[in-house]
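Values in this text are rule-based calculations from the coordinates and carry no lab data. For clarity, every value in this text was computed on a predicted model and none was experimentally measured. Every residue, glycine as well, gets a Cβ built from its backbone with ideal geometry; the counts of neighbours run over all protein chains shown.
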Amino acid sequence: MKGRKLLKLLQSLKEGEFQELSKAVNAPLLNTNERVGNLYDHLCSFFPKLEDAFSDEQALFAALFPGEPFDDYKLRRLLSAFTQVVESFLAMVEVKSDPETEAKLARSAYSRRNLYELFEKKAMSGLRALQDSPYRDADYYRQKVQLLESYYFHPLTEKHLVKPALLQELVESLDAWYALAKYRLAVELKNRELIFSEQYSLPAMGWLGLSLADKALEGNATYRAYKNLYLLYQQDEPAHFHKLKGELLTVIGQMREDDRLLLFQQLLNFAIRQVNQGQSHFYAELLGLYKLGLEYGLLADRGRMSEATYSNIALVGCEEGEFDWTYRFINDWAGYVEEASREDAKAHCFSLWHYFRKEYDKARDFILGHRFSEPFQPRARMLEIRITFEQFLKDSSYYTLLASQLNAFEKYLKRARHISGTRKEAHSNTLSLIRKAAKAIDKGEEMETLLAEAREEVDSGKPVALGSWLLKQLQQQAG
């Protein structure tokens with residue numbers, strides 16, 4: 001399809017921005033091609049379904065070049081010309097929405113045109129505005145360095161009149177910028193090491209702890225937060241987690257969004273790792289972080305929450321027994337989940353909610369009453385098996401139903417092409433353990449022996465889904 005890039009650019013515009021685009025199209029400074037204006041007018045009748053206008057090239061050409069035979073080259077040139085106008089418009093929108101960039105461009109224009117007096121005033125006003133900023137983060141010190149440096153090294157600045165304090169401030173700001181930026185990058189690389197098994201060399205980190213910047217930034221909350229996060233990656237101790245969490249709670253409302261999001265997400269990752277390693281007391285920490293993320297908009301991107309995040313929050317809320325809060329969350333936040341998976345996610349979360357409340361029949365009704373799409377089938381089937389297994393532990397008459405569900409899930413796994421080999425293996429190992437446990441219990445075998453065998457299997461290193469859950473059930477059965 002021709003005009004693919006143009007279509008993507010136009011689809012990124014909100015309705016108000018699309019209307020504002022008409023000013024750029026009709027501005028001689030940006031466009032002198034009358035047919036570009038005609039193309040914009042033609043697209044207006046399709047907005048917001050602009051893809052319909054680009055789907056038929058012959059019809060598009062006929063609308064723009066009435067009476068002329070189709071000319072592929074001519075259409076491409078027109079679409080390219082309109083693309084350039086849209087790109088210029090987007091650049092202007094970005095500049096107008098970013099005071100720092102606008103001021104920087106103005107200073108640059110004054111400097112290049114030898115308007116030194118105006119340049120100097122603009123630089124000094126920029127420093128004053130920066131001083132009034134609520135932030136003292138890497139971005140703050142970067143802007144300060146760039147302002148002071150551009151002022152001092154301007155050819156018309158009289159160097160002998162510059163106060164030593166200003167140059168000292170430039171040096172200290174440069175050190176602070178480096179230290180903050182280095183820690184910010186270092187924690188991201190440490191995070192990648194855990195997720196992707198990558199290795200990075202960070203030789204300067206030891207020096208940072210001894211640097212003057214480290215002492216100068218002692219009272220800087222953002223710096224302390226990044227430093228504690230780095231220590232958390234180095235030593236993996238909950239004490240650093242709690243210290244960082246406490247600091248973040250104190251200053252999160254005064255941080256820029258990117259710092260807030262990075263620190264929060266990595267705290268969240270640490271808590272999730274602790275839970276996955278069997279530290280069940282970290283469920284409370286995890287739920288607290290999720291609540292914090294919801295309050296500060298850190299879990300939804302542009303009004304959208306991933307299905308995985310939505311389901312995880314509901315699961316953790318249930319694990320912690322906060323059923324009233326979780327019920328409200330499932331209802332209130334369902335609209336933020338992508339429409340394609342929204343109903344599946346909601347039905348799955350409500351089935352979990354009933355399951356954790358031991359309302360097994362209601363949980364099963366939610367599962368059987370909803371037609372789950374393929375991506376949700378493993379979760380729904382495994383939850384149904386969990387329900388039946390727990391019922392079997394209290395009533396042996398559920399044994400036949402449990403065996404039937406185990407067999408059906410095994411057959412499903414063999415033909416399911418959308419599930420990875422590792423996930424299939426993990427589910428298969430779990431099904432095998434449940435079947436083995438159910439048979440042993442049905443025959444009245446010794447629970448202590450069964451529990452020991454199950455624990456050995458779970459701890460063997462083989463992938464096992466829901467291993468902790470199964471051990472907990474057997475432990476309770478063993479008394």
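Work out the length of the dipole vector of the stretch 375-479 about its Cα centre, built from +1 on the beta-carbon of each Lys and Arg and -1 on the beta-carbon of each Asp and Glu, and round it to the nearest 20 debye. Mind showing how you got there, number by number?
Working: 17 positive and 13 negative charges, 146 e Å.
Dipole of the stretch 375-479, to the nearest 20 debye: 700 debye.
Counting other Cβ atoms within 10 Å, keep those with at most 16, restrict to DSSP loop, and tell me which chymotrypsin sites (Phe, Trp or Tyr not before Pro) in the stretch 68-136 are left.
Values: sites: 70, 73, 82, 89, 110, 116, 119, 135; in loops: 70, 135.
Passing sites in the stretch 68-136 are 70, 135.
Given an 8 Å cut-off on Cα distances and at least 6 residues of separation, report the relative contact order of the chain as a percent. If you can, show how the numbers build up before the last one.
On the way: 377 pairs, mean separation 29.3, N = 479.
It comes to 6 percent, rounded to a whole number.
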Checklist entry - In nm, to one decimal, how far is the residue 404 label point from the residue 202 one, both placed 7 Å along Cα→Cβ? => result 5.5
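Once every DSSP H run of n ≥ 4 in the chain is given -39500 (n - 2.57) and the sum is divided by its residues, what mean residue ellipticity at 222 nm do you get, rounded to the nearest 500 deg cm²/dmol?
Numbers: 25 runs with 349 residues, N = 479.
Computed mean residue ellipticity for the chain: -23500 deg cm²/dmol.
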Checklist entry - Hey, rough spin-label estimate for residue 250 and residue 101, points 7 angstrom out along Cα→Cβ, what's it come to in nanometres? => result 3.5
Next on the checklist: Based on the alpha carbons, how large is the Rg to Rh ratio for the stretch 4-96 when Rh follows Kirkwood?
Outcome noted: 0.95
Next on the checklist: Normalised by the empirical 2.2 N^0.38 Å for globular proteins, what value does the Cα Rg of the stretch 198-296 take?
Outcome noted: 1.13
Checklist entry - For the stretch 375-479, what is the Kirkwood estimate of the hydrodynamic radius, computed as the reciprocal of the mean inverse distance between distinct Cα atoms, to one decimal in Å? => result 14.0
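Could you please report the charge total around residue 13, scoring K, R as +1 and D, E as -1 over all other residues with beta-carbon less than 15 angstrom from its beta-carbon?
Values: positive: 5, 8, 14, 23, 49, 96, 302; negative: 15, 17, 20, 51, 87, 94.
So the environment of residue 13 carries a net charge of +1.
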Checklist entry - Between residue 325 and residue 163, what is the spin-label point distance in nm, taking each point 7 Å from the Cα along the Cα→C-beta axis? => result 5.1
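Tell me, what is the Rg over Rh of the chain, with Rh the Kirkwood radius over Cα pairs? Could you put the intermediate results ahead of the total?
Details: Rg = 30.4 Å, Rh = 28.1 Å.
Value, to two decimals: 1.08.
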Item to check | Mean shadow area of the stretch 46-162, taken as a quarter of the surface of its Cα convex hull (nm²) | outcome: 12.1
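For the stretch 300-372, what mean projected area does the convex hull of the alpha carbons give, in nm²? Show your work: numbers first, answer last.
Details: hull surface 17.9 nm².
It is 4.5 nm².
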Next on the checklist: Which trypsin sites (Lys or Arg not before Pro) in the stretch 302-370 sit in a loop by DSSP (not H, G, I, E or B) and have at most 16 other Cβ atoms within 10 Å of their own Cβ?
Outcome noted: 302, 357, 358
Item to check | Virtual paramagnetic centre 7 Å along Cα→Cβ of residue 279, amide N under 13 Å, in the stretch 232-257 | outcome: 232-245
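Efficiency by 1/(1 + (r/R0)^6): what FRET value for residue 131 and residue 295, r their Cβ-Cβ distance, R0 = 30 Å, to the nearest 0.05?
On the way: r = 30 Å, r/R0 = 1.00.
E(calc), rounded to 0.05, equals 0.50.
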Checklist entry - Could you state the per residue volume, in Å³, of the convex hull enclosing the Cα atoms of the stretch 82-121? => result 60
Item to check | Most positive-pole-ward Cα, 464, 412, 3, against dipole of the chain from beta carbon charges | outcome: 3
Checklist outcome for this item: For the stretch 21-51, listing trypsin sites (Lys or Arg not before Pro) in a DSSP loop whose Cβ sees at most 10 other Cβ atoms within 10 Å gives 49
Item to check | Summed side-chain charge close to residue 390 - residues other than residue 390 whose Cβ falls under 13 Å, Lys, Arg +1, Asp, Glu -1 | outcome: +2
Checklist outcome for this item: Residues meeting the amide H criterion for residue 305 (H placed from the backbone, H to H distance under 5 Å, 5 or more places apart or on another chain) are 337, 338
Item to check | Volume per residue that the Cα convex hull of the stretch 127-263 spans, once the total is divided by residue count, Å³ | outcome: 133
Checklist outcome for this item: Between the residues 341, 314, 326, the Cα farthest towards the positive end of the dipole of the stretch 308-429, that dipole coming from +1 and -1 charges on the beta-carbon of Lys, Arg, Asp and Glu, is from 341
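Given a cut-off of under 8 Å on Cα pairs at least six residues apart, what relative contact order in percent is computed for the stretch 300-372?
Values: 73 pairs, mean separation 23.1, N = 73.
So the answer I get is 32 percent.
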